[in-house]
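So the structure is just underneath, and the comments pick up after that.
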Amino acid sequence: AAAKAALSVLSVAATPSETMSSFSFLSASGDTRDFRSTQLRGGDNPNDTGLYLEGLVAYQRYNPVFIFPDIAPDTELDVTWASVAGTIGVGWDFPIGRGWVIRPTGHASLGHVSGDALLVDGPFASRQTDGVDAVDRSLNAFGAGASVTFVREAEYGAWTAEYRLRQTYMEFYPFNEANVGDAKATSNQTSGFARHRYSLKNLKLFDQDTRLVLDAGVVFYHGDEAKVLKTDWIATAGVGLEVDTSQTGLPYVTAGRVMLNAVVGEDFDGFSVGLGLRF
């Protein structure tokens, strides 16, 4: 059970999400839960072909406090899970008309999660215990799965827009770990994302054009991650600026973006700061 919970937490970090910027820092908390994540994610079509390559590196720290009102009303268990994960994806873009592209992608992931627990209130408070004792305080895991993404880019007058709808399913298993039995965790996520840009003709940075950026997204959790996060969804909405860097001499980079997003969920609220690059 402890190994399954640890794998479920790891799956949140290892599953690519459309709702986060390319480089993002997220902090959210509420009702005895604290969730922080740092993610570096990117994807591209190399050589202007249909081939799509994607990569993700993430660090995540999840710190819930469990209360057991029925069996131990005076006891609080403070649990900390820390996860590091890397995921790659290989897919192909198929145009399907009206500016839409469908992108099936296969994913493989490696990760590490460690955990401990502390009785913070009750008759045994301050006694250090092990939150994932069955896996000797830490667990190495691999994951595999696939996703299907619908992508569209459009223009509406002075506005440009991009839309993405993504369904991802991955399974995570421990490896080189004793005493975990047949533990596994499933990540099943549906995410939607929209971003709009508007050129600010009277505002220039580094003598280059600047764009106002508005975005919003939501991810729905259908798998084991929903059980450990205690929420079925997390939504974000934000505002930022994008600067044209094509004439600054930076190799390959055509624009840079800074975003500030609000984050909400069931009994969750917080913020994220995101950085993005366009190539």
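Miscellaneous remarks
- Residues with amide H under 5 Å from that of Arg137, placed H, sequence gap 5 or more: Val132
- Rounded to the nearest 20 debye, the dipole size of segment 167-279 about its Cα centre is 580 debye, using +1 on the Cβ of Lys and Arg and -1 on the Cβ of Asp and Glu.
- Efficiency of FRET from Cβ geometry, Ala262 and Tyr59, R₀ 22 Å, rounded to 0.05: 0.50
- Separation of the Phe175 and Leu277 label points, Cα + 7 Å toward Cβ, nm: 2.9
- Förster-model FRET efficiency, 25 Å R0, Val90 and Leu40, C-beta, rounded to 0.05: 0.85
- Gain upon complete extension [Leu200, Thr254; 0.36 nm per residue less C-alpha separation]: 17.7 nm
- The string of couplings for segment 258-267 from the Karplus curve (6.51, -1.76, 1.60, θ = phi - 60°) is 10, 10, 10, 10, 8, 10, 9, x, 5, 6 Hz, one whole number per residue in order, with x for Gly and Pro.
- Fully extended contour minus Cα-Cα distance, from Phe150 to Lys230, at 0.36 nm per residue: 26.0 nm
Rule-based calculations on the coordinates, nothing more; no lab input. Bear in mind that the values here come from a model prediction, so they are computed numbers and not experimental data. Glycine gets a Cβ as well: all are built from the backbone with ideal geometry, and neighbour counts include every protein chain shown.
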